[in-house]
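Single-structure report; data block below.
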Amino acid sequence: MWNLFKLTNFFWLLASTYIWITSTINQGPILIVVNMVMFLCLTIMPVKFRFDALTGRVIAVIILIGMWYLYIDGPVMGLITILMYLPVVWLLQLPFEYKKDLLEFTTKWYAILLIPSLILYWVTLFINLPSLGEFVHPNYVPFTNYVFFIKTTFDYGTLVRFNAFFLEPGHQALLSTFIMIANKFRFKACPWLWVLLASTIFSFSLAGYLLATMGYILLKVNTLLKGLIVGMLGALVIGAAISWSGGNNALNDLIISRLEQDSSKGIKGNNRFDSSTDHTYAKAVKHHDLWVGVKEKTNMEMIAGAGYKIYIINYGLIGVALSLLLYLSVIPARPDYRFTIAFLIVLALCFMQRAYPSWYSWLFPYVIGIYIAKGEKERLLMQQSDNFDET
């Protein structure tokens, strides 16, 4: 049953990040099956179901979030939202060794799926391979379908960005980044992370680059020397990108140039909102409508984007507060404070430009990561205590 739990968890992780195979299927029935299977596995596995204070707190917050979505979007969306957060409760029931095994399994098989995807990506840059034809999604331009890789027909200019089997390069890059953070960037202990790093690099996702860099700095840079090395490497990469071929290359066009200052957007790469979104948000601020959102007062067909302004327009600051409360409520007693705070900072930065706090690609790496970090910290302290007693 443990293998079934791992497979179900892995399936939902990919499906919630919009893998192409399930991207046109209603998520409601999928969520019902996923939660039923995970719960059934827990009842049969030799795992004691704990309804302690932490579990009760998390369930209460999930119900609150569901009720808020019900108020904003109706009962169907309220129920779906509860089902989207409910797998967190199942993860909390797992003992330390199970959580660790689940992260190792997920990291390994995600990387294994990415390997043929990366190969197809590079080969199709130069050769037209036979495909299954076009995959058409109503919200995107058509993709050429190679099963493990769907190649967009959107013109990025310099180079096609790598999105693997997901609908967007950003989806793939953020999932890879969060899994690398959950593994604490331990490339020696888990060589599969090199595949995730490569997939993030070839996504040419500005958000992926910035969040991965921020996560690495927060977790790994603890001395001035390491800080100087990271800074020098960053300067070398930027300098090479700007000078190589006169700046006419994918890294400069898709990443470096987007970091240039812009008087209206802050940086040129800030493309999360259009003018209609900015105008609606500014109007809501002026009239103090941010607490509950302005969805009912707005023609949502005119609103476009994916960041915090869209989320606040839809669900208000109360929705933001409830989402934050969920992420805080799952934190265990005596956690690894550095790791937990670092992950929360990365998620908060991600929320600014891609506000999807109910996605399992956020929830799974965060919850599993903070509990494994706590367990490792406790074991290290016990080992140090035993060594001290022996001396």
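The values are calculated or read from the model by the stated rules, or taken from the named source; none is laboratory data. Every value quoted in this text rests on a predicted model; they were computed, and no experiment measured them. Positions of Cβ are generated from backbone atoms using ideal geometry, with glycine treated the same way; all protein chains shown enter the neighbour counts. Note: accessible area is taken over every heavy atom of the protein model, side chains too, but ligands, DNA and RNA are not part of it. Shrake-Rupley method; radii C 1.70, N 1.55, O 1.52, S 1.80 Å.
Given the alpha-carbon gyration tensor of region 1-60, what are the semi-axes of its equivalent ellipsoid in whole angstrom, ordered largest first, with each equal to the square root of 5 times an eigenvalue? Write down the numbers at each step before the final one.
On the way: eigenvalues 120, 46, 17 Å².
Semi-axes, largest first: 25, 15, 9 Å.
Hey, any idea what % of region 64-138's accessible area is carbon plus sulfur with a 1.4 Å probe? Spell out each step's value before the answer.
Details: 2640 of 3590 Å².
Summing carbon and sulfur atoms, their accessible area is 74 percent of the total for region 64-138.
Taking a probe of 1.4 angstrom, what is the accessible area of Thr280 in Å², to the nearest 10?
Here the residue's solvent-accessible area equals roughly 30 Å².
Residue separation times 0.36 nm, minus the C-alpha to C-alpha distance between Ile112 and Val147: what's the value? Walk me through the intermediate numbers first.
Values: separation 35, 0.36 × 35 = 12.60 nm, distance 1.41 nm.
Result: 11.2 nm gained on full extension.
By average Cβ neighbour count within 10 Å, what is the ranking of 187-196, 202-211 from highest down?
Final packing ranking: 202-211, 187-196.
Using the Cα centre of region 318-391 as the reference point, and only Cβ charges (+1 on K/R, -1 on D/E), how large is the resulting charge dipole? Debye, rounded to the nearest 20.
Details: 6 positive and 6 negative charges, 88 e Å.
Approximately 420 debye in magnitude.
Which residues' amide hydrogens lie under 5 Å from the amide hydrogen of Tyr356, considering only partners 5 or more residues apart or on another chain, with H built in the peptide plane?
none
Taking amide hydrogens as modeled 1.01 Å from N in the peptide plane, which residues meet the under 5 Å criterion relative to Phe135, leaving out close sequence neighbours?
So Phe135 has HN proximity to Phe143, Thr144, Asn145.
Along the charge dipole of region 110-207, pointing to its positive end and built from +1/-1 on Cβ of Lys, Arg, Asp and Glu, which listed residue (Ser131, Ile179, Ile150) has its Cα farthest out?
Final value for the positive-end residue is Ile179.
Rg to Rh ratio, region 110-190, alpha-carbon atoms and Kirkwood radius?
Details: Rg = 13.9 Å, Rh = 13.7 Å.
Value, to two decimals: 1.01.
Arrange the residues Met382, Met38 by how much accessible surface each exposes, largest first, with a 1.4 angstrom probe.
Values: Met382 120, Met38 0 Å².
Correct descending sequence by accessible area is Met382, Met38.
Sum up the charges of everything whose Cβ sits under 14 Å from the Cβ of Leu103, counting Lys and Arg as +1 and Asp and Glu as -1, but leave Leu103 out.
Details: positive: Lys6, Lys99, Lys100, Lys108, Lys184, Arg186, Lys374; negative: Glu97, Asp101, Glu104, Glu376.
So the surrounding residues net to +3.
Rolling a 1.4 Å sphere over the protein heavy atoms, what is the accessible area per residue of region 3-101, to the nearest Å²?
Numbers: 4530 Å² over 99 residues.
For region 3-101, the per-residue accessible area is 46 Å².
Can you tell which of Tyr140, Leu118, Leu54 lies farthest toward the positive end of the dipole of region 48-142, using +1 and -1 charges on the Cβ of basic and acidic side chains (Lys, Arg; Asp, Glu)?
Comparing the listed Cα positions along the dipole, Leu54 ranks first.
When the expected Rg is taken as 2.2 N^0.38 Å, what fraction or multiple of it is the alpha-carbon Rg of region 41-127? Let's see the in-between values first.
Details: Rg = 19.1 Å, N = 87, 2.2 N^0.38 = 12.0 Å.
So region 41-127 has a normalised radius of gyration of 1.59.
Could you please report the charge total around Trp20, scoring K, R as +1 and D, E as -1 over all other residues with beta-carbon less than 12 angstrom from its beta-carbon? Could you put the intermediate results ahead of the total?
Values: positive: Lys151; negative: Glu134, Glu168.
Taking every Cβ under 12 Å from that of Trp20, the sum is -1.
Along region 71-85, what does the Karplus equation 6.51 cos²θ - 1.76 cosθ + 1.60 (θ = phi - 60°) give for ³J(HN,Hα), rounded to whole Hz, x for Gly and Pro?
Each residue's phi maps through the Karplus curve to give 5, 7, 10, x, x, 5, 5, x, 5, 4, 4, 4, 5, 5, 8 Hz.
Net charge within 14 Å of Gly375 by Cβ-Cβ distance, Lys/Arg positive one each and Asp/Glu negative one each, not counting Gly375 itself? Could you put the intermediate results ahead of the total?
Numbers: positive: Lys99, Lys100, Lys184, Arg334, Lys374, Lys377, Arg379; negative: Glu97, Asp101, Glu104, Asp336, Glu376, Glu378.
For residues surrounding Gly375, the net value is +1.
Just to confirm the filter: which chymotrypsin sites (Phe, Trp or Tyr not before Pro) across region 6-64 are DSSP coil and have at most 10 other Cβ within 10 angstrom of their Cβ? Each step should come with its number before you reach the end.
On the way: sites: Phe10, Phe11, Trp12, Tyr18, Trp20, Phe39, Phe49, Phe51; in loops: Tyr18, Trp20, Phe49, Phe51.
Listed in order of number, the matching sites are Phe51.
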